[in-house]
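Reviewing the structure listed below.
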Amino acid sequence: MSETDEEAGGRIYDPEADHAFPDERVNDVLDMLAADEEVQAYLEAQNVNPVARKRYNDHGTKHISIVRNRALCLYDLLKRGGVDFNGAAQQGLAEADEAVIVALAATLHDIGHVVHRDDHPYYSIPLAADLLDRLLEGYYDVDERVRVKGEVLHAILCHHTEEEPLTLEAGVVRVADALDMERGRSRIPYEQGGRGINTVSSQAIEKVTLEPGDDYPVLVEIEMNNAAGVYQVDNLLKAKLHGSGLEETIRIVALNSHENGDRIVERIEL
């Protein structure tokens, strides 16, 4: 599949494309994040505990890139579908800040892994707070920095299923985190002998695409090669979608595409 086809499938956010929201500010922020040495160091270091030490799925630079891309693509589709976001608006911030909140939270949501895999969202909060004080300084005045920072931290905390998102920006980050489920994510632990349910089930997911739906603003299509992928869809993604605030705007269809293998489960719809 060409990169153009992937972009059409809602897999890669293209800063040069036309979007359903003001994108100049978030595009500047994305460039800043890519050039920031401390942010990039965290994204590399945060993968040691989950992958090297616990043989869990990837939570490093690649995971963050996928989550951020899918979060921004999901956000764009929802905006095109007429969904009104509440996080930035209720803080008196601009519409352009919605995407900034989504992008920053998607980038920093897992940095708590440098402390420990267990309960990592709670460790992500103080680490991200320190980074945001510096990262936001060139873009906002003091009052706006406080408000953007609070919204980003809320979205980071609420990617954890134990916490309730109170904004749709947070809901987008929460769902996008679960949409990184393709088999490449579990390649390293699988090759090292890890056979936990998260690793095995993600090996069963071939492709995830996002596109406009007929009856919903967003249609998520998931291609599985065997029934093990049901765990990713029915346990992990369903849990993240539940309580996200986006349940009525996203339709999820998972298909088992393996012709000669396990067809215990052929189709799942959420």
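The values are calculated or read from the model by the stated rules, or taken from the named source; none is laboratory data. What you see is a predicted model; the values in this text were computed from it and never measured. Methodologically, a virtual Cβ is constructed for each residue, glycine included, from the backbone with ideal geometry; neighbour enumeration extends over all protein chains shown. The area values use the complete protein model at the heavy-atom level, side chains included, leaving out ligands, DNA and RNA. Shrake-Rupley method; radii C 1.70, N 1.55, O 1.52, S 1.80 Å.
Is it the case, given these coordinates, that Arg145 is among the basic types (Lys, Arg) and more than 19 Å from Tyr42 (Cα to Cα)? Please lay out each step first, then the result.
Working: among the basic types (Lys, Arg): yes; more than 19 Å from Tyr42 (Cα to Cα): yes.
Taking the combined requirement at face value, the residue satisfies it.
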For the stretch 136-162 the number of residues that are in a helix (DSSP H, G or I), under 20 Å from the mean Cα position of the chain (by Cα) and buried (at least 17 other Cβ atoms within 10 Å of the Cβ) is 9
Which residue is nearest to Glu37 (Cα to Cα), if the candidates are limited to the stretch 86-131 and must be of a type in the set (D, E, K, R) and surrounded by fewer than 16 Cβ atoms within 10 Å (Cβ to Cβ)?
Asp130
Show the residue pairs that are 6+ apart or on different chains and have beta-carbon atoms under 7 Å apart, the first residue being within the stretch 121-149 and over 17 Å from Val173 (Cα atoms) and hydroxyl-bearing (Ser, Thr, Tyr), the second being assigned to a helix (DSSP H, G or I) and open to solvent by less than 70 Å² (accessible area, probe 1.4 Å).
Tyr123/Gly112; Tyr140/Val148
Can you tell me which condition Asp143 does not meet? The list is (1) over 23 Å from Lys240 (Cβ atoms); (2) touching a Lys or Arg at 6+ places or on another chain (Cβ under 7 Å), and all the others hold.
(2)
For Ala170, state whether it is modelled with pLDDT of 95 or more, hydrophobic (A, V, I, L, M, F, W, C) and more than 28 Å from Gln232 (Cβ to Cβ).
no
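Within the stretch 224-270, can you find the residues that are of a type in the set (D, E, K, R) and at pLDDT below 65? Working first, answer last.
Going through the stretch 224-270, the residues of a type in the set (D, E, K, R) turn out to be 234, 238, 240, 247-248, 251, 259, 262-263, 266-267, 269.
Once the filter is applied, which keeps residues that are of a type in the set (D, E, K, R) and at pLDDT below 65, the stretch 224-270 yields Glu259, Asp262, Arg263, Glu266, Arg267.
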